[in-house]
Structure formats: structure tokens, C-alpha cells
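So the structure is just underneath, and the comments pick up after that.
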Amino acid sequence: RAHALDGSVAVIGLGRFGSAVASSLLHLGHEVLGIDENPDLVQRWADRLTHVVQADGTATEALRQLGLQDFAHVVVGIGTDIEASVLTVLALEELGVPDIWAKATSTKHGRILERTGAHHVVYPEAAMGERVAHLVTGKMIDFIEFDDGFAIAKTRAPREAAGKTLSESALRTRHGVTIVGIKRGRRDFIYAKADTIVEDGDVLIVSGPTAQVERFSAVA
Ligand code: ADP
């Protein structure tokens with residue numbers, strides 16, 4: 001039985017997604033219990049995660065013996081096998097796990113996971129595809145959208161802002177976005193202030209409602 005401390009996380013399914021989640025959690029300083037039914041993967045992760053166990057995530061009793069009910073957070077990284085993914089979420093829900101995260105491969109799969117007891121459903125492929133679409137078509141260098149319609153982007157300064165202070169170019173009133181930070185050349189980002197002058201070629205960190213951020217980042 002793994003010792004589940006507050007803040008420790010279990011990851012079931014150590015495929016590409018689950019193993020990336022598990023190793024990032026480890027870097028962030030959390031204890032991670034990894035579970036996979038595939039012995040090769042269990043062996044591969046054995047000396048990298050805090051504990052790694054070979055088990056079937058759909059087997060409620062096996063999960064109980066591993067102490068999954070004591071984990072504050074459990075991530076289900078099973079995606080391709082929808083039946084196994086759904087039954088694993090169901091088993092965790094039966095154990096009363098308070099925070100279940102699950103990966104979905106389609107919106108239908110995601111809806112089932114929500115009904116089955118997942119508290120958070122993530123769509124890694126769809127989310128990354130959307131992000132890449134933003135990056136390939138515009139001047140955007142990076143883009144993060146929050147689920148409440150708010151976004152932050154890293155983008156090149158539009159020509160209209162060059163040579164002016166932020167209060168002179170009035171980007172907030174004209175475009176509905178707030179400039180958070182500015183980076184010039186190889187220097188570090190600085191916090192944007194009303195009297196900060198934007199120069200041609202500067203990179204901006206822009207925040208605001210998603211549509212406005214997208215529109216602003218398309219302005220030349
Ligand atoms: P990815 O695309 O992120 O690699 P996959 O769905 O291909 O995701 O991988 C899922 C992982 O989950 C695989 O390593 C597989 O062995 C594991 N897995 C699938 N079913 C179960 C199950 N019932 N119990 C435990 N692990 C499972």
C-alpha cells in the first residue's frame with residue numbers, strides 16, 4: 001500500500017500523456033504513484049516515480065488495496081481504450097476520490113467521463129491543435145486560453161503602437177486588451193506601465209477576452 005500524503009497524486013495509465021503528467025508532477029515536488037497494466041511500462045518508470053505498480057485501473061478492489069481512496073488527486077491517462085478509461089473513472093468515483101482528472105479522446109468520450117464521475121476532463125489533442133492553429137496563422141508566438149473566455153498571448157507589437165507610450169496608443173480602449181509585459185530583443189520581460197514606450201519589433205504579453213486578444217494579435 002502506497003503512503004498517500006496530502007498533495008500526492010496517482011496517475012493511472014502511463015502512456016505518452018500519463019507519463020508526461022507524472023514526470024511533471026514529480027518535478028513540481030509531488031509524490032507520484034504510477035499505475036499501468038503493462039509490465040514493460042511499469043518497469044520503465046519504476047525508478048523514476050515515487051511508486052509504480054502494475055494493476056488494472058478498472059478493478060475497484062485492487063485500487064482500494066493500493067490505497068487510491070486516500071489520494072487527493074488521481075489522473076486517468078488511459079485514452080485509446082475508452083471502456084477501460086470509463087471503468088477506471090467509475091472505480092475511482094466508487095472509492096470516493098475527491099478530485100478525478102481524465103483524458104478524453106473525443107467530446108462524446110468526455111461527456112461519458114463527466115457523467116461517470118470525472119471532475120475534470122481534458123482533451124490534450126484538441127487543446128494542442130487549437131493552440132497550434134493560433135500560432136501558425138498569426139503573429140502570435142504563444143497562446144493560452146482559460147475556460148472562461150479569457151486569454152493571454154505573446155505576440156509582436158503592432159505598428160500602430162511603435163514609438164508611443166502605452167497610454168498614448170490607448171490599446172485598451174481601442175482593442176479591449178491589456179498589455180501586461182514587454183520584451184525587447186534578448187532582454188528580460190518588463191512589466192508594462194502607462195509610460196512604457198513600445199518599439200518596433202518588441203514582443204508583448206497581452207491579456208483580455210479571447211476574441212479581442214485574437215483580433216489584436218492579427219493586427220499588423
Ligand atoms: P497515450 O496516447 O497518452 O499514450 P494511451 O491510451 O495510448 O495514451 O495509453 C494508455 C496507457 O494506459 C497504456 O500504457 C496502457 O497500458 C494503460 N492502460 C490501458 N488500460 C488500462 C487499465 N485497464 N489499467 C491500467 N492501465 C491501463
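Just so you know, all these numbers are worked out from the coordinates, no wet-lab data involved. Remember, predicted model here, so these are calculated numbers, not experimental data. No Cβ is skipped: glycine too gets one built from the backbone with ideal geometry, and neighbour counts run over all protein chains shown.
Brief remarks on what is shown
- Using θ = phi - 60° in the Karplus curve 6.51 cos²θ - 1.76 cosθ + 1.60, the 3J(HN,Hα) couplings for the range 172-182 round to 5, 6, 7, 10, x, 10, 10, 7, 9, x, 9 Hz; x is entered for Gly and Pro.
- The Cα-based radius of gyration of the range 116-184, divided by its Kirkwood radius, gives an Rg/Rh of 1.09.
- Ignoring lysines fewer than eight residues from K164 along the same chain, the ones with Cα atoms less than 26 angstrom from its Cα are K139, K154, K183, K193.
- Quarter of Cα convex hull surface for the range 62-220, i.e. mean projection, nm²: 11.9 nm²
- Cα pair distances of the range 149-220 binned at 5 Å [whole percent]: 4, 19, 32, 29, 13, 3, 0
- Under Karplus coefficients 6.51, -1.76 and 1.60, residue-wise ³J(HN,Hα) of the range 102-110 in Hz, glycine/proline x: 9, 8, 10, 9, 7, 5, 5, 4, x
- Contact order normalised by residue count of the range 103-200, Cα under 8 Å, 6+ apart, percent: 19 percent
- Taking the square roots of five times each eigenvalue of the Cα gyration tensor of the range 1-135, the equivalent ellipsoid has semi-axes of 22, 18, 14 Å, listed largest first.
- Dividing the convex hull volume of the alpha carbon atoms of the range 63-116 by its residue count gives 66 Å³ per residue.
- Rough spin-label spacing in nm, given labels placed 7 Å along Cα→Cβ, for V132 and D40: 2.5 nm
- As a rough guide to protection, the peptides 167-177, 116-126, 86-96 ranked by mean Cβ packing within 10 Å, highest first, stand as 86-96, 116-126, 167-177.
- Size of charge dipole - the chain - debye, nearest 20, with Cβ of Lys, Arg +1 and Asp, Glu -1, no other charges: 1120 debye
- Dimensionless Rg ratio for the range 1-73, taking C-alpha atoms and the 2.2 N^0.38 Å reference: 0.98
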